Amino acid sequence: MLKVAKFGGSSLADAVQFRKAAEIVKSDSTRRYVVASAPGKRDSHDEKVTDLLLQCYYLAKEKKNIDEIFERICSRYRDIIAGLGLDYSLEEDFSSIKTAVLHRVGRHYVASRGEYLNAKILAKYLGFAFIDAEECIFFDEKNRFIPDKTEETMRSILSLHEYAVIPGFYGINTEGSIRTFSRGGSDITGSIVAAAAGADIYENWTDVSGMLMADPRIIKDPLPIPEITYRELRELSYMGATVLHEDAIFPVRKAGIPINIRNTNAPDAPGTMIVPKATTNEVETIITGVAGKKGITAIHVEKDMMNSEVGFGRKVLEVLENHNVPFEHLPSGIDTMSVLVTSKSIEECKGAITAEMVKAVNPDSITLVENLALIAVVGRGMVNTEGTAARVFTALAKENVNIRMIDQGSSEINIIVAVEEKNYEKTINTIYNEFIK
Ligand code: ADP
Ligand code: ASP
Ligand code: MG
């Protein structure tokens, strides 16, 4: 048996949390490889070290003074070291990192130092080897993750150590520069390590007792999800159930390794098992979970007989591609096509995009609808249960929530609705209450 345990930011936010994490690791000798995040928030008013580092980067870029914020970062680590009673110093690292920031090294390097320093402390405290992620996680010249080389190298380095700590979130590109995954990316590192180690399980230790049926910041005490498939999880995490990074399932999925989401503050709770195939498709609640995200803009393109015009869709999407804008969803009618994108991704090119679409396909009309939210109702139990969509729509109609768009995935495990942003919380509440009584 071999387990890989990733601890998130809140699980390593201070010395008290470090002790809990270390106790978990030490209580089971099969927990051999540990992936560490940077110190997260100690309470809701606190700041994550990653955010402080990024602030330093932007200050340095504007040639402003970083002393005060950099000092706050150092003192977070000094407090952890002192609180653990370790005879250990990171002062040399602090000064070389500070010099690098002042010399305006890359943003990714700066952001990655949070996990680098935290993993060093954790390795010292556990008495495990420290393996730097820059030795074994690789990105290509376009900064795309290279799975094969990473897996091979990671495997051979891990085989040299019975027990080790690896910092999450980053690796190195072909030019020799540090590169991070997107925010929350330590979950991906954990998954990569688990796959390379051939782990039996990838434990992801966080601050909630597993994946919950809805965001606990919106629904009070939502029910935990005992078991969820990779596919369901991917739908929920992509849609905003941020407990696990949406890309974290890929490395373990390939190897068929289950992920177990656990709570560092309640280590006896079983948490959520994320599995390739569920033990049953008879889900009592019918839905597995509901999640959503705000900040969506719909681009509606209308043209009579659009369907018979070969290449219409491609031309519309090509305009987005030229501006490097990915699309989220693509619900279409006969004479209308709607492209849903994040508002942020088109912030600076809205005007250009509409103008170019007019030129590309000569539509009857193009409208942008802003301030939308997308909400996904996900569940493998929906496949065998009729009328789930009707229940969702009826419940929302009763609450006077106007559904702006509907998209049911061809997989039948999800129903996605777009509503006005102001109805986001209400929509999640209504759907949750409809299925969970
Ligand atoms: P970590 O720092 O351990 O990586 P994150 O903050 O990334 O933890 O993820 C855990 C948080 O995800 C929880 O504290 C919770 O607020 C939030 N969250 C959002 N949706 C869900 C959900 N459906 N189930 C559980 N947690 C959720
Ligand atoms: N520390 C990074 C972040 O805040 C990565 C992570 O926590 O997974 O995004
Ligand atoms: Mg996270």
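Assuming residue 433 fulfils every condition listed in (1) open to solvent by 40 Å² or more (accessible area, probe 1.4 Å); (2) under 23 Å from residue 240 (Cβ atoms); (3) in contact with a strand residue (DSSP E or B) (Cβ under 8 Å, 6 or more places away or on another chain) apart from one, which condition is it?
(3)
Considering every residue within the range 20-37, establish whether at least one is within 16 Å of ligand 1 (Cβ to nearest atom), within 24 Å of residue 103 (Cβ to Cβ) and touching a residue at least 60 places away in the same chain (Cβ under 8 Å).
No, every residue in the range 20-37 fails to be within 16 Å of ligand 1 (Cβ to nearest atom), within 24 Å of residue 103 (Cβ to Cβ) and touching a residue at least 60 places away in the same chain (Cβ under 8 Å).
Just to confirm my filter: which helices (runs of 4 or more DSSP H) fall fully inside the range 338-437 and include at least 2 residues that are over 22 Å from the mean Cα position of the chain (by Cα) and at pLDDT below 95?
350-361, 388-398
Quick check on residue 166: is it under 27 Å from residue 11 (Cα atoms), within 16 Å of ligand 1 (Cβ to nearest atom) and part of a strand (DSSP E or B)?
The answer is yes for residue 166.
Has the range 417-427 got any residue that is among the aliphatic types (A, V, I, L, M) and open to solvent by 20 Å² or more (accessible area, probe 1.4 Å)?
no
Restricting attention to the range 253-275, and to residues there that are away from ligand 3 (no atom under 16 Å from the Cβ) and in contact with a strand residue (DSSP E or B) (Cβ under 7 Å, 6 or more places away or on another chain), which single residue is nearest to residue 152 (Cα to Cα)?
Our first condition is that a residue be away from ligand 3 (no atom under 16 Å from the Cβ); within the range 253-275, this holds for 253-258, 266-270, 273, 275.
Still in the list and also in contact with a strand residue (DSSP E or B) (Cβ under 7 Å, 6 or more places away or on another chain): 257-258, 269, 273, 275.
Working: 257: 17, 258: 21, 269: 34, 273: 27, 275: 24 Å.
Only one residue fits best here, namely 257.
Identify all residues within the range 300-329 that are open to solvent by 60 Å² or more (accessible area, probe 1.4 Å), farther than 19 Å from residue 364 by Cα and either aliphatic (A, V, I, L, M) or in a helix (DSSP H, G or I) (or both); write none if there are none.
Scanning the range 300-329 gives 321, 322.
How many residues, within the range 193-215, are more than 9 Å from ligand 1 (Cβ to nearest atom) and either open to solvent by 30 Å² or more (accessible area, probe 1.4 Å) or β-branched (Val, Ile, Thr) (or both)?
Looking only at that region, the number is 4.
Table: residues versus (1) open to solvent by less than 70 Å² (accessible area, probe 1.4 Å); (2) small (Gly, Ala, Ser).
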residue	(1), (2)
97	yes, no
102	no, no
106	yes, yes
120	yes, no
131	yes, no
135	no, no
143	yes, no
164	yes, yes
175	no, no
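Return the pairs, sorted by first residue and then second, in which the second residue is open to solvent by 90 Å² or more (accessible area, probe 1.4 Å) and among the hydroxyl-bearing types (Ser, Thr, Tyr), the first residue lies in the range 155-166 and is more than 12 Å from residue 126 (Cα to Cα), the beta carbons are less than 8 Å apart, and the residues are 6+ apart or on different chains.
Pairs that qualify, where the first residue is more than 12 Å from residue 126 (Cα to Cα) and the partner is open to solvent by 90 Å² or more (accessible area, probe 1.4 Å) and among the hydroxyl-bearing types (Ser, Thr, Tyr): there are none.
Determine whether the range 18-33 contains at least one residue that is closer than 13 Å to residue 113 by Cβ, of a type outside the set (A, V, I, L, M) and open to solvent by less than 30 Å² (accessible area, probe 1.4 Å).
No - not one qualifying residue is present in the range 18-33.
Among residues belonging to the range 216-243 that are away from ligand 3 (no atom under 16 Å from the Cβ) and assigned to a loop (DSSP other than H, G, I, E, B), point out the one that is most open to solvent (accessible area, probe 1.4 Å).
Checked the range 216-243; the qualifying residue most open to solvent (accessible area, probe 1.4 Å) is 220.
Would you call residue 179 charged (D, E, K, R) and crowded, with 19+ Cβ neighbours inside 10 Å?
Against the criterion (charged (D, E, K, R) and crowded, with 19+ Cβ neighbours inside 10 Å), residue 179 qualifies.
If I go through the range 34-70 residue by residue, how many of them are open to solvent by 20 Å² or more (accessible area, probe 1.4 Å), in contact with a helix residue (DSSP H, G or I) (Cβ under 9 Å, 6 or more places away or on another chain) and under 19 Å from residue 266 (Cα atoms)?
2
The values are calculated or read from the model by the stated rules, or taken from the named source; none is laboratory data. In this text, all values refer to a predicted model and were calculated from it rather than measured experimentally. Cβ sites come from the backbone with ideal geometry, for glycine too, and all protein chains shown count toward neighbours. The area values use the complete protein model at the heavy-atom level, side chains included, leaving out ligands, DNA and RNA. Shrake-Rupley method; radii C 1.70, N 1.55, O 1.52, S 1.80 Å.
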